[in-house]
1. When the residues of region 136-146 are narrowed to those that are closer than 17 Å to Thr13 by Cβ and either among the β-branched types (Val, Ile, Thr) or in a loop (DSSP other than H, G, I, E, B) (or both), which ends up most open to solvent (accessible area, probe 1.4 Å)?
2. Let me confirm something: among Ala24, Ala10, Ala37, which residue is within 19 Å of Arg138 (Cβ to Cβ), under 14 Å from the mean Cα position of the chain (by Cα) and open to solvent by less than 10 Å² (accessible area, probe 1.4 Å)?
3. Given the residues Ala93, Ala97, Ala87, Ala71, which is the only one that is modelled with pLDDT of 95 or more and over 12 Å from the mean Cα position of the chain (by Cα)?
4. Do we find that Asp45 is modelled with pLDDT of 95 or more and surrounded by fewer than 20 Cβ atoms within 10 Å (Cβ to Cβ) in this structure?
5. Would you check which residues across region 95-111 are among the hydrophobic types (A, V, I, L, M, F, W, C), under 10 Å from Ala159 (Cβ atoms) and open to solvent by 70 Å² or more (accessible area, probe 1.4 Å) and list them?
6. In contact with a helix residue (DSSP H, G or I) (Cβ under 7 Å, 6 or more places away or on another chain), of a type in the set (A, V, I, L, M) and closer than 16 Å to Gly7 by Cα, is that true of Val60?
7. What's the number of the only condition in (1) at pLDDT 95 or above; (2) open to solvent by less than 20 Å² (accessible area, probe 1.4 Å); (3) under 16 Å from Lys8 (Cα atoms) that Val53 fails to meet?
Amino acid sequence: MELGLTGKVAVVTGGSRGIGLATAECLIAEGVKVIIAARRQEHLDSAASRLGVDAIQIDVTKIPDLDRLSAHVEHEYGGVDILVNNAGITRHARDHADLDALKREDFMDTYAVNVAGPFLMMQACKGLLVKAYETTGRASAVLNVSSIAGVTGIGSSVAYAATKGALNTM
């Protein structure tokens, strides 16, 4: 089934492994120009080489990194049609009743990447998404990758489940 995505531009955060890498592969198969973004350079280099795509190392919690990504995408592609907010982390603490299983830093880091990160990415890419719409007349898309943990509250940790629930409401 043709999705009509040929020639579109997508940014996929957390695009070097797992769901992000699989998403990038699916978009490429549909003719999308994909830019993958990730925090770990070694994973990013491997994925970019494998996929034959543009890659940029960023931390979704760092505004200068997001500004650099946005400037790169604008310079190289002119805009972005699809933003996939997939970057995410967890700290395993399966017994949600054990509140001492996670340190404050674990909770805050998980929240920063899984909730603030997608919001900051949308802010950083808003102008590019609007520009793509104004150029083509077709709506741009933002996909925030969540988890069943955000609905059920069951997951790798209470912090992870809470952040995915917050992402669902965003």
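The values are calculated or read from the model by the stated rules, or taken from the named source; none is laboratory data. As the structure is a computational prediction, the values presented were derived from the model and not from experiment. Heads up, the Cβs are rebuilt from the backbone with ideal geometry, glycines too, and the neighbour counts pull from every protein chain shown. All accessible areas refer to the heavy atoms of the entire protein, side chains included, with ligands and DNA or RNA removed. Shrake-Rupley method; radii C 1.70, N 1.55, O 1.52, S 1.80 Å.
1. The first filter runs over region 136-146 and keeps only residues closer than 17 Å to Thr13 by Cβ, leaving 140-146.
Imposing the further condition that a residue be either among the β-branched types (Val, Ile, Thr) or in a loop (DSSP other than H, G, I, E, B) (or both) reduces the set to 140, 142, 145-146.
Details: Ser140: 39, Val142: 60, Val145: 34, Ser146: 40 Å².
That would be Val142.
2. On the way: Ala24 fails: within 19 Å of Arg138 (Cβ to Cβ); Ala37 fails: within 19 Å of Arg138 (Cβ to Cβ).
After ruling out the rest, the residue left standing is Ala10.
3. Details: Ala93 fails: modelled with pLDDT of 95 or more; Ala97 fails: modelled with pLDDT of 95 or more; Ala87 fails: over 12 Å from the mean Cα position of the chain (by Cα).
Answer to the selection: Ala71.
4. Yes, satisfied.
5. Phe107, Met108
6. Values: in contact with a helix residue (DSSP H, G or I) (Cβ under 7 Å, 6 or more places away or on another chain): yes; of a type in the set (A, V, I, L, M): yes; closer than 16 Å to Gly7 by Cα: no.
Taking the combined requirement at face value, the residue does not satisfy it.
7. (2)
Each row is one residue, and each column tells you yes or no for (1) in a helix (DSSP H, G or I); (2) aliphatic (A, V, I, L, M).
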site: Leu69; (1), (2): yes, yes
site: Glu74; (1), (2): yes, no
site: Val80; (1), (2): no, yes
site: Arg94; (1), (2): no, no
site: Asp106; (1), (2): yes, no
site: Tyr111; (1), (2): yes, no
site: Gly117; (1), (2): yes, no
site: Ala124; (1), (2): yes, yes
site: Glu134; (1), (2): yes, no
